[in-house]
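> Before anything else, here's the structure in question.
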Amino acid sequence: MVARRPLIAGNWKMFGRLAGLGELAALWDLTRQAGAALDMLLCPPAAYVNAAAVAARGTQLLIGAQDCSAVSEDSARTGEISAAMLADVGAAYVIVGHSERRSLHGESDALVRKKAEAALAAGLTPIICVGETLTQRQAGRVEEVVAAQVRESVPAAGIVVAYEPVWAIGGDRTPSVEEIAAAHALIRDTLAASFGEAGRAARILYGGSVGPKNAAEIFTAAGVDGALVGRASLKAADFAAIVLAHPAVR
Ligand code: 13P
């Protein structure tokens with residue numbers, strides 16, 4: 001089996017300004033030693049994807065977006081941004097189905113799947129987010145909910161899945177290492193059931209309150225191929241500390 005290359009991804013959400021892209025040079029200064037061992041990705045708001053791709057030139061930092069249209073054809077869709085446009089301005093990845101889009105914008109598994117298909121058609125790697133709410137966890141429904149999201153949101157192999165328990169995002173709580181490992185095993189088995197060995201080979205990231213203090217422990221969880229980081233991706237020093245905490249680098 002070929003080892004999966006770790007991926008540490010940052011999701012800036014609706015934060016950041018053009019001036020903040022200076023953090024990319026600072027980040028690369030701190031992390032260039034990690035470039036041989038793992039992939040580093042930053043997903044700024046769409047408005048800054050092009051400038052971020054320009055700022056990342058000459059480094060191994062990858063740039064991605066946080067969402068894309070489910071429609072691939074150039075067409076009359078005011079406000080939408082196609083995956084092809086994101087690829088055109090330098091994105092290599094796109095996050096789809098983040099829980100904030102699922103909950104605040106009513107995105108269904110079917111829509112997330114279409115977005116992932118559009119991303120793949122444009123040559124982008126989709127990072128497809130799944131994860132249970134606190135109510136679902138307390139009701140003992142983690143396996144049922146997460147497996148269904150994977151089955152219905154993931155259209156093909158060649159993708160990345162991010163396990164982001166909704167209740168762990170934006171606060172200071174995370175699941176235990178055992179709970180993270182169990183969810184990752186479930187996701188991997190579900191991908192294998194759908195897509196065979198190619199599905200089993202997908203990278204699966206943990207997301208939800210990852211920071212410099214807990215990253216090393218989270219990376220010890222079996223099956224975790226990296227992280228999808230929110231708040232701690234905004235500052236180069238914090239994100240670099242997470243990257244450098246990965247066992248592939250240390
Ligand atoms: P935080 O790391 O800020 O909890 O956000 C996680 C997240 O939603 C990344 O997509």
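The values are calculated or read from the model by the stated rules, or taken from the named source; none is laboratory data. Fair warning: this is a prediction, and the values are worked out from it, not measured in the lab. Heads up, the Cβs are rebuilt from the backbone with ideal geometry, glycines too, and the neighbour counts pull from every protein chain shown. In case anyone asks, the SASA skips ligands and DNA or RNA and just uses the protein heavy atoms, side chains included. Shrake-Rupley method; radii C 1.70, N 1.55, O 1.52, S 1.80 Å.
> Among the numbered criteria (1) within 12 Å of the ligand (Cβ to nearest atom); (2) over 30 Å from Leu18 (Cβ atoms); (3) not basic (Lys, Arg), which single criterion is violated by Ile242?
(2) is the only condition that Ile242 fails.
> Something else now. Within the set of pairs 6+ apart or on separate chains, which have a first residue in segment 60-79 that is small (Gly, Ala, Ser), a second that is open to solvent by 70 Å² or more (accessible area, probe 1.4 Å) and not in a loop (DSSP other than H, G, I, E, B), and C-beta atoms under 8 Å apart?
Ala70/Lys114; Ala70/Glu117; Ser72/Ala121
> Exactly one of these conditions fails for Thr135: (1) away from the ligand (no atom under 16 Å from the Cβ); (2) over 16 Å from Gln66 (Cβ atoms); (3) outside any loop (DSSP other than H, G, I, E, B); (4) touching a residue at least 24 places away in the same chain (Cβ under 8 Å). Give me its number.
Condition not satisfied by Thr135: (4).
> Now for a different question. Working only within segment 140-168, note down all residues that are part of a helix (DSSP H, G or I), within 16 Å of the ligand (Cβ to nearest atom) and not polar (S, T, N, Q).
Val146, Val166, Trp167, Ala168
> Also, quick follow-up: Which ones in segment 1-22 are of a type outside the set (Gly, Ala, Ser), surrounded by fewer than 16 Cβ atoms within 10 Å (Cβ to Cβ) and more than 18 Å from the chain's Cα centre (by Cα)?
Once the filter is applied, which keeps residues that are of a type outside the set (Gly, Ala, Ser), surrounded by fewer than 16 Cβ atoms within 10 Å (Cβ to Cβ) and more than 18 Å from the chain's Cα centre (by Cα), segment 1-22 yields Met1, Val2, Arg17, Leu18.
> Another one. For Gly171, are the conditions met, namely being under 24 Å from Gly35 (Cα atoms) and in a loop (DSSP other than H, G, I, E, B)?
Considered against the rule, which asks whether it is under 24 Å from Gly35 (Cα atoms) and in a loop (DSSP other than H, G, I, E, B), Gly171 comes out as no.
> Please go through (1) open to solvent by less than 20 Å² (accessible area, probe 1.4 Å); (2) β-branched (Val, Ile, Thr); (3) not in a strand (DSSP E or B) for Ile127 and return the number of the only condition it doesn't satisfy.
Every listed condition holds for Ile127 apart from (3).
> Still on this model: When only residues in segment 41-100 that are part of a loop (DSSP other than H, G, I, E, B), of a type in the set (A, V, I, L, M, F, W, C) and under 21 Å from Gly226 (Cα atoms) count, which is farthest from the ligand (Cβ to nearest atom)?
Filtering segment 41-100 for residues that are part of a loop (DSSP other than H, G, I, E, B), of a type in the set (A, V, I, L, M, F, W, C) and under 21 Å from Gly226 (Cα atoms), the one farthest from the ligand (Cβ to nearest atom) comes out as Ala56.
> Out of Ala202, Ala185, Ala222, Ala193, report the one residue that is more than 22 Å from Pro126 (Cα to Cα), at pLDDT 95 or above and away from the ligand (no atom under 14 Å from the Cβ). If you could, list the steps in order and put the result at the bottom.
Values: Ala202 fails: more than 22 Å from Pro126 (Cα to Cα); Ala185 fails: more than 22 Å from Pro126 (Cα to Cα); Ala193 fails: more than 22 Å from Pro126 (Cα to Cα).
The match here is Ala222.
> Looking at segment 23-55, which of its residues are surrounded by fewer than 16 Cβ atoms within 10 Å (Cβ to Cβ) and among the charged types (D, E, K, R)?
Asp29, Arg32
> Follow-up question, since we're still on this one. I want to confirm something. Restricting to segment 166-202 and keeping residues that are touching a residue at least 60 places away in the same chain (Cβ under 8 Å) and open to solvent by 40 Å² or more (accessible area, probe 1.4 Å), which single residue is nearest to Arg151 (Cα to Cα)?
Filtering segment 166-202 for residues that are touching a residue at least 60 places away in the same chain (Cβ under 8 Å) and open to solvent by 40 Å² or more (accessible area, probe 1.4 Å), the one nearest to Arg151 (Cα to Cα) comes out as Ala201.
> Which members of segment 101-115 meet the condition of being crowded, with 18+ Cβ neighbours inside 10 Å and within 16 Å of the ligand (Cβ to nearest atom)?
Within segment 101-115, Arg101, Arg102, Glu107, Val112, Lys115 qualify.
> Based on what the data block shows, is Val210 out of contact with any His (no Cβ under 8 Å at 6 or more places or on another chain), within 16 Å of the ligand (Cβ to nearest atom) and in a helix (DSSP H, G or I)?
no
> Going by what's in this entry, would Arg231 be described as among the charged types (D, E, K, R) and either more than 14 Å from the chain's Cα centre (by Cα) or open to solvent by less than 10 Å² (accessible area, probe 1.4 Å) (or both)?
Against the criterion (among the charged types (D, E, K, R) and either more than 14 Å from the chain's Cα centre (by Cα) or open to solvent by less than 10 Å² (accessible area, probe 1.4 Å) (or both)), Arg231 does not qualify.
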